[in-house]
1. For E231 and E215 in one chain, what is 0.36 nm times their gap in residues minus the Cα-Cα distance, to one decimal in nm?
2. Based solely on C-alpha atoms, express the radius of gyration and the Dmax of the stretch 55-153 in angstrom.
3. Kindly provide the Kirkwood hydrodynamic radius of the stretch 142-289 in Å, to one decimal, from all pairs of distinct alpha carbon atoms.
4. Under 5 Å between amide hydrogens, which residues at least 5 positions from E6 or on another chain qualify, with H placed 1.01 Å from N in the peptide plane?
5. How much accessible surface does T194 have with a 1.4 Å probe, in Å² rounded to 10?
6. Using helices alone, what [θ] at 222 nm do you get for the chain, with -39,500 (n - 2.57) per DSSP H run of 4 or more residues, divided over all residues and rounded to the nearest 500?
7. In the chain, if the dipole is taken from +1 on Lys/Arg beta carbons and -1 on Asp/Glu beta carbons about the Cα centre, which of L161, G70, H262 is farthest to the positive end?
8. Could you give me the ³J(HN,Hα) list for the stretch 210-224, computed from phi with Karplus coefficients 6.51, -1.76, 1.60 and θ = phi - 60°, whole Hz, x at Gly and Pro?
Amino acid sequence: MTSVKEFRIEEPATADSLGRGAFVFTDDYSVFDWGKMPDQIPQKGATLCTMGAFNFELLERAGVPTHYRGVGVNGDVSRLEDASRPPWEMEIDLTQVPNLPNEGREYDYESYHAEAGSNYLIPLEIVFRNTVPIGSSLRRRTEPADHGLEFSSWPDESVDLENPIVEFSTKYEEGDRYLDREEADYIAGEASITDLEALAREVNEIITEQATGAELVHQDGKIECLTFDGEIRVADVVGTFDENRFSHEGTQLSKEVLRQYHKRTQPEWVEAVKHAKAEAERRDVADWKSLCERDPEPLDEAVIETARDLYCAGTNAYTGLDLFDAPPLSSAIGAVSRL
């Protein structure tokens, strides 16, 4: 299904009913939209499954509808608290995901929704931001005044937001792009973007509260949603170190660590990716990877081990479950700062 998890269908969704299936998490990782990178991070898949399940159970206790059914352990579906070891599979309700035809960079959302009916995965990502760190795309696309901030320009430091910013971006286009509310509303189909924004803010608040209790700073993240018979439910996976950015004592605790490491150690590849995406846009084609002149290089074993400890120690800290054999979070963070 994606570069970091596989997808199993047990009962397909129909126009009138949800189906059943599972995410099977792998140890693969992806940065800069590349897809599967040359290395794997040991136990990364289990940490994403654990953290995602933990957050879905938090949302359910708060009354937020989701597609989560439980974690899969030895062929059974159970709650995370009943798991005796880190889970790799997440059982979920399935919705329909119609084909999204395209001609170059033009996508036919009318066809998507005509096939989808009232049971479909909304082809948007709803992004929420609690901070605007250095390097955030928001700085390139907007000015502080656009968000009611009293800066003439973005300062050379991270900006904490009193009121989170919510944005919409495409999900299934070859190169994701941010949208204004009018286009987001069109792409959402029957689903209300006002309701989607309200749901994103509620999810953000719940995750932020949990992170604060674990002495983590929740910087930003996203949700994806399905709609079924008029009800919007949180789908995919939520609140993991791949979907969201967290920090501890000023150090990143998320996939951002790997992204920034590649920027420092493989700048030629990062620049080639940037150039390929720009060239694809110029040519009005969707497949930018075929235009990229470089491939990423494998990571050193020490970097892989540091990343593994980061995911495992961070998941233990966030959930308080200690399911993973990992060093204390302070030690894992210290190793990251030395990369």
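1. Values: separation 16, 0.36 × 16 = 5.76 nm, distance 3.39 nm.
Once the chain is fully extended between E231 and E215, it gains 2.4 nm.
2. Cα only, the stretch 55-153: 20.1, 57 Å (Rg, Dmax).
3. That comes to 17.9 Å for the stretch 142-289.
4. V24, F25, T26
5. Probe radius 1.4 Å; accessible area of T194 about 90 Å².
6. Numbers: 9 runs with 115 residues, N = 339.
Result for the chain, helices only: -10500 deg cm²/dmol.
7. Of the options given, the answer is H262.
8. Karplus-based 3J(HN,Hα) across the stretch 210-224 equals 5, 5, 4, x, 9, 6, 10, 9, 8, 8, 6, x, 8, 10, 10 Hz.
The values are calculated or read from the model by the stated rules, or taken from the named source; none is laboratory data. What you see is a predicted model, and the numbers here were worked out from it, not measured in a lab. Please note: Cβ atoms are built from the backbone with ideal geometry, for glycine as well, and neighbour counts cover all protein chains shown. These area figures cover heavy atoms from the full protein model, side chains too; ligands, DNA and RNA do not enter into them. Shrake-Rupley method; radii C 1.70, N 1.55, O 1.52, S 1.80 Å.
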